[in-house]
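**Student:** This is the structure I want to talk about, given as structure tokens.
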Amino acid sequence: MEVYLIAAMTLDGYIGRSATDRSFDWTTPEDKAAYIAKIKTTKHLVMGHTTLKTIKRFPQGTICHVYTRQPDQFDAAGLSQAAEYQPTTESPEVLVARLKTQGVAQLAICGGSSIYNQFLAAGVVTKLYLTIEPILFGGGVRLFSTLPASCELKLLTSQTLNSRGSLWLEYAVSHKNSPHANKT
């Protein structure tokens, strides 16, 4: 099962000025197009409840696995009707194992920072798709706040998205010594 993290970040490593900052408000049109094209290839998305509230639309038939502290009180009112919402408190390892047994081939980890870090630390992420935008925030929400020392990356592809120098990067992730690691 491919479990990939997809994010846009500033050159200094931030995904937003605050937890409620939408990346679509500061990324380039080329990043938005690359993100949407990649998300359209994956039916299952993972995100935190705060991130979910910043997204206005989803591709039809998307299944959003939403991390929330109170899944029994989750309310989809006002959210996109194109998606199905499945609130959860499962660990990343348990969610990935469950979806794998259900035949899910791809799972996109869409944020926020806490969710990115939990899935990466759990050793279940197999790929990273990152857009590096040529902008500096100087502060805010970091993409990676805690990292496992055993995580190694191998650049698979890189593409310059525009004349500003926005970069789309694809990395294979290798988790050494993780009991739950997906080996690549």
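The values are calculated or read from the model by the stated rules, or taken from the named source; none is laboratory data. This is a predicted model, so every value here is computed, not measured. Neighbour counts are summed over all protein chains in view; Cβ atoms, including those assigned to glycine, are modelled from backbone coordinates with ideal geometry.
**Student:** Filter the stretch 80-95 down to the residues that are within 19 Å of GLN60 (Cα to Cα), among the aliphatic types (A, V, I, L, M) and surrounded by fewer than 17 Cβ atoms within 10 Å (Cβ to Cβ) and list them by number.
**Tutor:** If we filter the stretch 80-95 for residues that are within 19 Å of GLN60 (Cα to Cα), which is where we start, we get 80-87.
If we keep only those that are among the aliphatic types (A, V, I, L, M) too, we end up with 82-83.
Matches in the stretch 80-95: ALA82 only.
**Student:** I need the full set of residues from the stretch 140-167 which are at pLDDT below 95 and either farther than 25 Å from ARG17 by Cβ or loosely packed, with under 13 Cβ neighbours inside 10 Å (or both), in order please.
**Tutor:** SER145, THR146, LEU147, PRO148, ALA149, SER150, CYS151, GLU152, LEU153
**Student:** Please find, within the stretch 4-58, the residue that is surrounded by the most Cβ atoms within 10 Å (Cβ to Cβ) out of those that are acidic (Asp, Glu) and modelled with pLDDT under 95.
**Tutor:** Per the criteria, the residue is ASP21.
**Student:** Let me ask you something else. From the list ARG98, ARG69, which one is farther than 24 Å from LYS56 by Cα and either of a type in the set (D, E, K, R) or assigned to a loop (DSSP other than H, G, I, E, B) (or both)?
**Tutor:** ARG98
**Student:** Can you tell me which residue in the stretch 96-136 is surrounded by the most Cβ atoms within 10 Å (Cβ to Cβ), limited to those that are of a type in the set (Lys, Arg) and out of contact with any strand residue (DSSP E or B) (no Cβ under 7 Å at 6 or more places or on another chain)?
**Tutor:** Here the answer is LYS100.
**Student:** Here is a further query. It is to be established whether one or more residues within the stretch 84-94 are of a type in the set (D, E, K, R) and within 20 Å of VAL125 (Cα to Cα).
**Tutor:** Yes; the residues of the stretch 84-94 include at least one that is of a type in the set (D, E, K, R) and within 20 Å of VAL125 (Cα to Cα).
**Student:** In the stretch 23-62, how many are within 19 Å of ARG164 (Cβ to Cβ) and not hydrophobic (A, V, I, L, M, F, W, C)?
**Tutor:** 9
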